[in-house]
Each structure stands twice: as structure tokens, then as C-alpha cells.
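**Q** I have a structure I would like to understand better, so I am pasting it below and will then ask my questions one at a time.
The values are calculated or read from the model by the stated rules, or taken from the named source; none is laboratory data. Predicted, not measured: the structure shown is a model, and the values here were computed from it. Neighbour counts run over all protein chains shown; Cβ positions are idealised from the backbone, glycine included. Areas reflect the complete protein model, heavy atoms only, side chains present, ligands, DNA and RNA absent. Shrake-Rupley method; radii C 1.70, N 1.55, O 1.52, S 1.80 Å.
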Amino acid sequence: MAAARAETAAAEQQAVAAEQRLATATPEPADRSIKLGPVTVGGALRANYVIGSYEGLDNGPNRGGNSGNVEFDTFRLELSLDYNNFIGEFQYRWYPAGTQESYSFLHTGWLGYRFADDSELKVGVNRVPFGPGPAGVSQSYFYDQHYFVGLSDDMDLGVKYTTDIDNWTLDLGYYAASEGSYFGRSLDSTRFSYDPVRWTSTIDDQGNVNSNGPHNGYEERHQFNLRAIYHLTDVAVPTDLGMSLQYGQLKGQRADDGSHWAASAHMVNHYKNWTLATQLTRYEYDIDADNPWGTDTLIPMGAFEFAWPVASKAWVPAVSLSYKHETPNLPWLDYVIPYVEYSSIVKDESAFNNSDLLVVGAAWASGGWYIYSDLAYSNGNYYVGNDAGHGLQDDYSNVSGVGDFGVNGNDEWNYRFTLNLGYYF
């Protein structure tokens, strides 16, 4: 499962504003951060309570635990720089992963310059400009399905320029590579963002997944991004209309090189404290079928220590509705944001089942505390349960047997309730 998106340092807050964050779902860090000259030091501690459609799982993803348990989720350290016109951001995260081996990775690491017109240039591991905001349309702990195909909150290594021209916000980006894999047990998936990755599995003619094979898969190279958002402000319902484009290359290992592209139209409507966000995306990973998993309809993608095949071509519709309710008369609560979100991976391959995700929940802010309470239902997200129906459970031994972003062979609906308690400083 993906981590929460509460941004705590001043420089990152400015970046979030430029990227049109959907709501101010951010604990204020000013009174808790440590100032060391132009550098602000912050961080977060988070724990999860999870219960859902789990029958026990010895392998496969375990992001945040299985059924009915409480686990320490994340510790993260943040440094932000704001000195004259020089800006920067560094964030590193540690995950204990329950009873499994712990892992850690770089989330953000860039230096930049803010020009006189408030345009910004960032160099390093920074957020790819794609979609209506940093987390796509999502307000939830769980994100929407864009995240799991690498198209929201995606951190890559490159250069990004952001500027405002009249009512337009424009982003241009070039990314030489993904953010990379860091310290864990997986070959290439110890990372925050979902990317095409190298892994050690192969798939035979019957769809059986064989682990501990030769290294194979893909790495991102030479990616270009363009995003344009037009802000309609002097209207009854302020609206942000946007378009995002992405194209890049794929360097193959035991597979021919390939390419990928994505295009998205998105809109965010604000009415009083209501926010409605919608997005429709087309993506394609163009690869050759002569590879160790034997098809061009699936591509291995990974994050949080786990890689699995994802449908290589699909549409992704997504919508979210949220309401920010201020609570000035409650000393123990600053505000609450209830939300409902729906997204789907609508796959080109007729033999694949689509992957739907419905999330209903709320985010609660109080001082340095930020709490997510999410109830997620899905028939194709391997972080939402592992009940395969008929008394069986997903064991990741066959590519056609799991409720995931690829084949989604069993097409079973599972649920997961997550209570994520985070303290941000």
C-alpha cells in the first residue's frame, strides 16, 4: 500500500501549491519543525491498524499487514532548504515491514532555484508532473489506481521546470531514470513509486510463476513530461482544467528495449468546501513478447519490495469527491475531510478482468496528528485482501490466480479497513 502524502516542509508546500493539490490535507509543521538556519528539519512517525479479507499470507505484498493487526508503518526524515532563491528537499523513509526484513528508500532528493517570477527549477529525484495534483485525484491513504500503474505521486531522477503564465500553470520535465531501488531484499522494487522494474521471476506456458530465476525486466530511461493546467477563477465553481503527456524509453534486460507513453485529461472543481476531481488516462507500455514471462500484454512493475505483472495497455478513469469541514469549536480536532473515490484499470486484453477500487473514508487533522480511516473495496488491488474465493487464498504461484493490476484472474472482491495514525513534526 502506498504511504500518506502529508507534506511537512516549507519548500515542499510551495511545490505542492504549484502542482494544484486538491485540498489542504496537511498538518501545519511550523511550530514543530526544527530550524537550522535556512534548513528545516521535520519528519513523521506512522502506525497502521488493518483488518480485511485476509486468510494469512506467507509471500506476496504485505504493505501494512494482514488481518486485524497493528504495526509500526513508517519513519521518515525530511530536510528542506530555502535560502535566498535556492530551494531543496530531501526525504528518506524506513519501513519495518512487520515480521519481515525491514527496508528503506529515498523518497525525494532535489535542489532547485526559484526565479523572480516564482517559477522554479528542480534537479534530482522529484515528483513527475502528471495528473491534477501530487496524488492524482486522491485524498485517501490508499491513492487511486493511477498510482499502481506509475502515473501519480511518481518520483523520478531528472529536471523539472514549473511556471505560471496568466491563468496557466505549466510543467516541463526530463527524467533520465527512475528514482532507483535502495536497501531491501527485492532485486529492484525497494522504492516508493511504481515503475517498470527488473525482477527474478519467469512465467511458463501455464502461467506458473517461477521465482529465483535470471534477472529480467525493464528500467525507465529518457522520459519527457508536459503538463498544462488552466485555472478558471472568476466563476461560480472555480475549476482547474488540465492535460498531461508523458513519453519515455524502456531499457530491457533479457528482453528487447521498449517504450511507454501516457496521456491524461483532468479537472478539479471547487465549490465552497467541496472538491470534485476527475481524470481519464490512457497508457501504453510497448514491449516485445519475446521475454521470460512470454507476453507483451504484461509488464513487471514494482514498489514497496514487491514486483508483479501489470497490464501493459489500459484506460484509467478516476473520480473523487471530498469535503473539508473545519472544527473551530473542537479543541481536539482542527478539521476532517470525508471522501469517496472510485478508479479502475480498464485493460485492453479481453482475457484480463478490470481492476476496480472504491475507497470511502476520512482524514482527521489535529495539531501534529494526521489520521486516515479508509475502507477500501477492490476486485483487483493486491493490497486489498487475499481471499480468492471458494475457500482459497492468493498465493502468487500463478499469474492468472490473483486479484491484481494484471490478469486479475479470480476477479474476487475483497475489503480492507486501514486506520493510519501519523504524527508529523
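**Q** Would you point out which residue out of Tyr54, Tyr95, Tyr49 is open to solvent by 40 Å² or more (accessible area, probe 1.4 Å) and modelled with pLDDT of 70 or more? Can you show your working first?
**A** Numbers: Tyr54 fails: open to solvent by 40 Å² or more (accessible area, probe 1.4 Å); Tyr95 fails: open to solvent by 40 Å² or more (accessible area, probe 1.4 Å).
So the residue among Tyr54, Tyr95, Tyr49 that is open to solvent by 40 Å² or more (accessible area, probe 1.4 Å) and modelled with pLDDT of 70 or more is Tyr49.
**Q** Continuing with the same structure: Within the stretch 221-249, can you find the residues that are under 14 Å from Ala262 (Cα atoms) and of a type outside the set (Gly, Ala, Ser)?
**A** Gln223, Phe224, Asn225, Leu226, Arg227, Met243, Leu245, Gln246, Tyr247, Gln249
**Q** Could I ask something else about it? Here are Asp374, Asp394, Asp404: which of them is in contact (Cβ under 8 Å) with a residue 40 or more places away in the chain and surrounded by fewer than 24 Cβ atoms within 10 Å (Cβ to Cβ)? Walk me through how you get there before you give the answer.
**A** On the way: Asp394 fails: surrounded by fewer than 24 Cβ atoms within 10 Å (Cβ to Cβ); Asp404 fails: surrounded by fewer than 24 Cβ atoms within 10 Å (Cβ to Cβ).
From the options Asp374, Asp394, Asp404, the qualifying one is Asp374.
**Q** Against the definition (open to solvent by 30 Å² or more (accessible area, probe 1.4 Å) and either modelled with pLDDT under 80 or among the charged types (D, E, K, R) (or both)), how does Gly68 come out, yes or no? Give the steps one after another, and end with the answer.
**A** On the way: open to solvent by 30 Å² or more (accessible area, probe 1.4 Å): yes; either modelled with pLDDT under 80 or among the charged types (D, E, K, R) (or both): yes.
Here the answer is yes, as Gly68 does meet what is asked.
**Q** Select from the stretch 143-168 the residues that are part of a loop (DSSP other than H, G, I, E, B), without any contact (Cβ under 8 Å) to a residue 60 or more places away in the chain and open to solvent by less than 10 Å² (accessible area, probe 1.4 Å) and list them in ascending order.
**A** Within the stretch 143-168, the subset part of a loop (DSSP other than H, G, I, E, B) is 143-144, 149-154, 166-167.
Filter once more, keeping what is without any contact (Cβ under 8 Å) to a residue 60 or more places away in the chain: 152, 154, 166.
Once the filter is applied, which keeps residues that are part of a loop (DSSP other than H, G, I, E, B), without any contact (Cβ under 8 Å) to a residue 60 or more places away in the chain and open to solvent by less than 10 Å² (accessible area, probe 1.4 Å), the stretch 143-168 yields Ser152, Asp154.
**Q** Look at His231 and say whether it is closer than 18 Å to Asp348 by Cα, modelled with pLDDT of 95 or more and of a type outside the set (S, T, N, Q). Explain how you work it out, then say what you get.
**A** Working: closer than 18 Å to Asp348 by Cα: no; modelled with pLDDT of 95 or more: yes; of a type outside the set (S, T, N, Q): yes.
Considered against the rule, which asks whether it is closer than 18 Å to Asp348 by Cα, modelled with pLDDT of 95 or more and of a type outside the set (S, T, N, Q), His231 comes out as no.
**Q** Sticking with this structure for a sec: Among the residues of the stretch 355-371 satisfying the criterion of being open to solvent by 60 Å² or more (accessible area, probe 1.4 Å) and either of a type in the set (Asp, Glu) or without any contact (Cβ under 8 Å) to a residue 60 or more places away in the chain (or both), which is farthest from Pro331 (Cα to Cα)?
**A** Residues of the stretch 355-371 open to solvent by 60 Å² or more (accessible area, probe 1.4 Å): 358, 360, 364, 369.
After this cut, where a residue has to be either of a type in the set (Asp, Glu) or without any contact (Cβ under 8 Å) to a residue 60 or more places away in the chain (or both) as well, the list is 358, 360, 364.
Values: Leu358: 32, Val360: 26, Trp364: 13 Å.
Looking at residues that are open to solvent by 60 Å² or more (accessible area, probe 1.4 Å) and either of a type in the set (Asp, Glu) or without any contact (Cβ under 8 Å) to a residue 60 or more places away in the chain (or both), I get Leu358.
**Q** Are there any pairs with C-beta distances below 8 angstrom linking a residue in the stretch 314-336 that is of a type in the set (Val, Ile, Thr) to a residue that is surrounded by fewer than 16 Cβ atoms within 10 Å (Cβ to Cβ) and not in a strand (DSSP E or B), with the two at least 6 apart or on different chains, and if so which?
**A** Partner pairs satisfying both residue conditions: Val336/Thr327.
**Q** Here is a follow-up. Is it the case that the stretch 335-348 has a residue that's among the basic types (Lys, Arg) and closer than 26 Å to Thr295 by Cβ?
**A** Looking only at the stretch 335-348, we keep the residues that are among the basic types (Lys, Arg), and these are 347.
Adding the requirement that they be closer than 26 Å to Thr295 by Cβ leaves 347.
Yes, the stretch 335-348 contains a residue that is among the basic types (Lys, Arg) and closer than 26 Å to Thr295 by Cβ.
**Q** Turning to a different aspect of this structure: Regarding Phe130, is this residue surrounded by 23 or more Cβ atoms within 10 Å (Cβ to Cβ) and more than 22 Å from Val50 (Cβ to Cβ)? Spell out the reasoning first.
**A** On the way: surrounded by 23 or more Cβ atoms within 10 Å (Cβ to Cβ): yes; more than 22 Å from Val50 (Cβ to Cβ): yes.
Yes, satisfied.
**Q** Are there any pairs, at least 6 apart or on different chains, whose C-beta atoms fall under 6 Å, with the first in the stretch 81-95 and outside any strand (DSSP E or B) and among the β-branched types (Val, Ile, Thr) and the second open to solvent by less than 10 Å² (accessible area, probe 1.4 Å) and at pLDDT below 95, and if so, which?
**A** Here the result reads none, with nothing in the stretch 81-95 linked to a residue that is open to solvent by less than 10 Å² (accessible area, probe 1.4 Å) and at pLDDT below 95.
**Q** Answer with yes or no whether Tyr339 is outside any loop (DSSP other than H, G, I, E, B), hydroxyl-bearing (Ser, Thr, Tyr) and either in contact with an Asp or Glu (Cβ under 9 Å, 6 or more places away or on another chain) or surrounded by 19 or more Cβ atoms within 10 Å (Cβ to Cβ) (or both).
**A** Working: outside any loop (DSSP other than H, G, I, E, B): yes; hydroxyl-bearing (Ser, Thr, Tyr): yes; either in contact with an Asp or Glu (Cβ under 9 Å, 6 or more places away or on another chain) or surrounded by 19 or more Cβ atoms within 10 Å (Cβ to Cβ) (or both): yes.
Taking the combined requirement at face value, the residue satisfies it.
**Q** Out of the stretch 374-398, which residues are farther than 18 Å from Ser343 by Cβ and either within 23 Å of the chain's Cα centre (by Cα) or not aliphatic (A, V, I, L, M) (or both)? Steps first, please.
**A** Our first condition is that a residue be farther than 18 Å from Ser343 by Cβ; within the stretch 374-398, this holds for 386-398.
Asn386, Asp387, Gly389, His390, Gly391, Gln393, Asp394, Asp395, Tyr396, Ser397, Asn398, listed by residue number.
**Q** Please go through the stretch 380-391 and give me each residue that is assigned to a loop (DSSP other than H, G, I, E, B) and either in contact with a Pro (Cβ under 8 Å, 6 or more places away or on another chain) or open to solvent by 10 Å² or more (accessible area, probe 1.4 Å) (or both), ordered by number. Talk me through it step by step, then tell me what you get.
**A** Residues of the stretch 380-391 assigned to a loop (DSSP other than H, G, I, E, B): 380-386, 390-391.
Those that are assigned to a loop (DSSP other than H, G, I, E, B) and either in contact with a Pro (Cβ under 8 Å, 6 or more places away or on another chain) or open to solvent by 10 Å² or more (accessible area, probe 1.4 Å) (or both): Tyr382, Tyr383, His390, Gly391.
**Q** Given (1) open to solvent by 20 Å² or more (accessible area, probe 1.4 Å); (2) within 24 Å of Arg46 (Cβ to Cβ); (3) assigned to a strand (DSSP E or B), identify the lone condition not met by Pro331.
**A** Unmet for Pro331, out of (1) open to solvent by 20 Å² or more (accessible area, probe 1.4 Å); (2) within 24 Å of Arg46 (Cβ to Cβ); (3) assigned to a strand (DSSP E or B): (3).
**Q** Determine, yes or no, whether Leu187 is hydrophobic (A, V, I, L, M, F, W, C) and within 30 Å of Glu120 (Cβ to Cβ).
**A** Values: hydrophobic (A, V, I, L, M, F, W, C): yes; within 30 Å of Glu120 (Cβ to Cβ): no.
Here the answer is no, as Leu187 does not meet what is asked.
**Q** OK, next. Just checking, how many residues over the stretch 410-425 are crowded, with 22+ Cβ neighbours inside 10 Å and farther than 21 Å from Asp395 by Cα?
**A** Matching residues across the stretch 410-425 total 4.
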